[in-house]
1. Can you run phi through the Karplus equation (6.51, -1.76, 1.60; θ = phi - 60°) for segment 30-44 and list ³J(HN,Hα) in whole Hz, with x for Gly and Pro?
2. Which cross-chain or sequence-distant (5 or more) residues have an amide H under 5 Å from the amide H of D87, H modelled 1.01 Å from N in plane?
Amino acid sequence: MLGLKIDNGEMFERLLEEETIPLQPGDLYLFFTDGISEAMNAYDDCFGETRLGQLVESHAHLPSDQLRERVLREIAAFVGDAPQHDDMTMIPAQGRRRSRGGRGVTWSKSFTRIRTSKRKSCAACSKRTV
């Protein structure tokens, strides 16, 4: 992990790797911030990347807006009445074959950002390595 604006950008540039990934119909990418995976319930248990991955994998057939809503519903059910501790941002992006004989891939995406004012560290999640 690397925080932005902690130096003049030299460390970020040194650690950043640019890679081009060919996108195919049926590909699914989920971009999310740690507020999604570190959403905590009343027992300070994190939702977690494993649970998120399993959820997305089992509902990957849904359109991106429905997938986003499904993930948010599952997080809300997991968290219950516990206050959120971090902002949450999630962008699911799915590759679809163009219709009517078109070539290439079109992308369906949906954006969610939920702002919170309270922050609490999740001990279990902060131990993970990246």
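All of the numbers you see were taken from the coordinates with simple rules; none came from a lab. Keep in mind that what you see is a predicted model, and the values were worked out from it rather than measured.
1. 3J(HN,Hα) across segment 30-44, in whole Hz: 10, 9, 8, 9, 5, x, 6, 6, 9, 4, 10, 8, 5, 9, 6.
2. Placed amide hydrogens put T116 under 5 Å from D87.
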